[in-house]
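K.L.:
Quick one: the structure is below, questions incoming.
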There are 2 protein chains.
Amino acid sequence: MDKKDRAKRLREQVTLLERKLGMLEDEIVDCCGLTMAQCHAVVELGTGEPASLNDLARSLNLENSTVSRTVNNLVNGEIAVRAESAEDRRYVNISLTEKGKDIFENIETNMESFFDNIIRRIPDEKHDQVIESLKVLLDAISEEKCCR
Amino acid sequence: MDKKDRAKRLREQVTLLERKLGMLEDEIVDCCGLTMAQCHAVVELGTGEPASLNDLARSLNLENSTVSRTVNNLVNGEIAVRAESAEDRRYVNISLTEKGKDIFENIETNMESFFDNIIRRIPDEKHDQVIESLKVLLDAISEEKCCR
DNA sequence: TACATTAGTTGTAATATGCATCTGTAGAGG
DNA sequence: CCTCTACAGATGCATATTACAACTAATGTA
């Protein structure tokens, strides 16, 4: 098998994985009652320190206007709160409410058990190989642009 | 390292890969002038036989109303055409125009060279391992739901 | 022939998103 | 101290994506 064939098979697998991950996102949206953007924001807020709007926009890779509205929705749903920063009143500190933290914990628990189950479905002797391969693939992809 | 740790590391890698693939999609949208839905539709139409609307909806995992409008856009852009089926006039055969085929070929060329480059960045002796690992992962994920 | 089924389209509405613009705050130079 | 600039965030506006429901047209069936 030459490199062309390998590239082709790699592409097939990545495409399939992409599709599957997309379907999982749809599932998440259906079952956890948040849109995907909101879900990402909650995970971001739950994992890190209270974030500014621009921080959040950067980590979500979205416009701050978009994120501002996403945060509006979270605030309306009593999932997050905005607080004016004491040091610099231009900044807003966004953090999760108790309800938001519960949702975050719930998402985390779900994701953990999801990946626990996946690991359980992979033969023990392949665990390291799979994890390392993903890392190798990521390193290779990271440096590449798909459109020159 | 126990299974919990492995699951965690697997999750990290998959999350990173997901994010990277998302960024690639944004790149594609920016550079090829089609929305992602349109791009998927073009690839689907380019790869297979002329498809009916429902075929296309099924393979794109979208509502047929959504796909109908996506096809409208492709038709307006002279990328695809609708043709009434001769056997059963309820059906529409959707196919690519010459322009659409050119776009398809261009996407294919881009994707091929993208994956060729990735393979080139991965050490030769890891090629089989990476491809097989993706397959193993996919098999494991396929049977799993993320929300019980 | 009348009724049910199927393929596709269109009306409506929710959501997401970006660009441009606006407001308020902070910092820098004179 | 005042003014000008830069920055954080919010909002107006325009558009795109998508789903659900209702509709039209064609086909199959009892």
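K.L.:
Out of A:E108, A:E78, report the one residue that is within 14 Å of chain B (Cβ to nearest Cβ), charged (D, E, K, R) and either buried (at least 17 other Cβ atoms within 10 Å of the Cβ) or over 30 Å from B:I119 (Cα atoms) (or both).
P.N.:
Numbers: A:E78 fails: within 14 Å of chain B (Cβ to nearest Cβ).
Going through A:E108, A:E78 in turn, just one is within 14 Å of chain B (Cβ to nearest Cβ), charged (D, E, K, R) and either buried (at least 17 other Cβ atoms within 10 Å of the Cβ) or over 30 Å from B:I119 (Cα atoms) (or both): A:E108.
K.L.:
B:N61: without any contact (Cβ under 8 Å) to a residue 60 or more places away in the chain and either among the aromatic types (F, W, Y) or at the interface with chain A (Cβ under 10 Å from one of its Cβ atoms) (or both), yes or no?
P.N.:
Numbers: without any contact (Cβ under 8 Å) to a residue 60 or more places away in the chain: yes; either among the aromatic types (F, W, Y) or at the interface with chain A (Cβ under 10 Å from one of its Cβ atoms) (or both): yes.
When the stated conditions are applied, B:N61 passes them.
Yes or no, residue by residue, for (1) of a type in the set (D, E, K, R); (2) farther than 25 Å from B:N54 by Cβ; (3) more than 19 Å from the chain's Cα centre (by Cα):
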| residue | (1), (2), (3) |
| --- | --- |
| B:G77 | no, no, yes |
| B:A80 | no, no, no |
| B:I94 | no, no, no |
| B:S113 | no, yes, no |
| B:I118 | no, yes, no |
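K.L.:
Separate question: Quick check on my filter: what residues within the range A:29-41 are within 21 Å of B:L21 (Cα to Cα) and touching a residue at least 40 places away in the same chain (Cβ under 8 Å)? If you could, list the steps in order and put the result at the bottom.
P.N.:
If we filter the range A:29-41 for residues that are within 21 Å of B:L21 (Cα to Cα), which is where we start, we get A:29, A:35-41.
Matches in the range A:29-41: A:Q38, A:C39.
K.L.:
Please name all residue pairs, on different chains or six or more residues apart, with Cβ atoms under 6 Å, provided the first residue is in the range A:124-148 and is surrounded by 13 or more Cβ atoms within 10 Å (Cβ to Cβ) and the second residue is among the acidic types (D, E) and assigned to a helix (DSSP H, G or I).
P.N.:
Pairs found: A:C146/B:E27; A:C147/B:E27.
K.L.:
In this structure, does A:V42 turn out to be within 14 Å of chain B (Cβ to nearest Cβ) and among the β-branched types (V, I, T)?
P.N.:
Working: within 14 Å of chain B (Cβ to nearest Cβ): no; among the β-branched types (V, I, T): yes.
So A:V42 does not fit the description; no.
Yes/no matrix, rows are residues, columns are (1) in contact with a helix residue (DSSP H, G or I) (Cβ under 7 Å, 6 or more places away or on another chain); (2) among the β-branched types (V, I, T):
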| position | (1), (2) |
| --- | --- |
| A:D5 | no, no |
| A:R9 | yes, no |
| A:C32 | yes, no |
| A:C39 | yes, no |
| A:E44 | yes, no |
| A:V67 | yes, yes |
| A:T70 | yes, yes |
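K.L.:
Right, something else. Limited to the range B:57-99, what total is found for residues that are within 10 Å of DNA strand D (Cβ to nearest atom), part of a helix (DSSP H, G or I) and small (G, A, S)? Reasoning before the result, please.
P.N.:
Let us first name the residues in the range B:57-99 that are within 10 Å of DNA strand D (Cβ to nearest atom), namely B:57, B:60-70, B:72-73, B:84-91.
Checking the rest, the ones that are also part of a helix (DSSP H, G or I) come to B:57, B:60, B:64-70, B:72-73.
If we keep only those that are small (G, A, S) too, we end up with B:57, B:65, B:68.
Qualifying residue count, the range B:57-99: 3.
K.L.:
From the set of residues in the range A:120-148 that are under 30 Å from B:C39 (Cα atoms) and outside any helix (DSSP H, G or I), which is farthest from the chain's Cα centre (by Cα)?
P.N.:
So the residue we want is A:R148.
K.L.:
Quick one: is B:A51 touching a residue at least 40 places away in the same chain (Cβ under 8 Å) and small (G, A, S)?
P.N.:
Values: touching a residue at least 40 places away in the same chain (Cβ under 8 Å): yes; small (G, A, S): yes.
Judged against the criteria, B:A51 is a match.
K.L.:
Across the range A:22-39, what is the number of residues that are facing chain B (nearest Cβ under 8 Å) and buried (at least 17 other Cβ atoms within 10 Å of the Cβ)?
P.N.:
Final tally of qualifying residues: 3.
K.L.:
Say we look at the range B:81-102 and pick out the residues that are out of contact with any strand residue (DSSP E or B) (no Cβ under 8 Å at 6 or more places or on another chain) and within 16 Å of B:L45 (Cα to Cα); which of these is surrounded by the fewest Cβ atoms within 10 Å (Cβ to Cβ)?
P.N.:
To start, the set of residues in the range B:81-102 that are out of contact with any strand residue (DSSP E or B) (no Cβ under 8 Å at 6 or more places or on another chain) comprises B:86-90, B:98-99, B:101-102.
Now narrow it down to the ones that are within 16 Å of B:L45 (Cα to Cα): B:98-99, B:101-102.
Details: B:E98: 9, B:K99: 12, B:K101: 16, B:D102: 12.
Only one residue tops the list, namely B:E98.
Quick note: the coordinates plus some simple rules give every number you see, no bench work behind them. Owing to the predicted nature of the structure, the values given are computational and were not obtained by experimental measurement. A quick note on method: Cβ atoms are made from the backbone with ideal geometry, for glycine too, and the neighbour counts reach across all protein chains shown.
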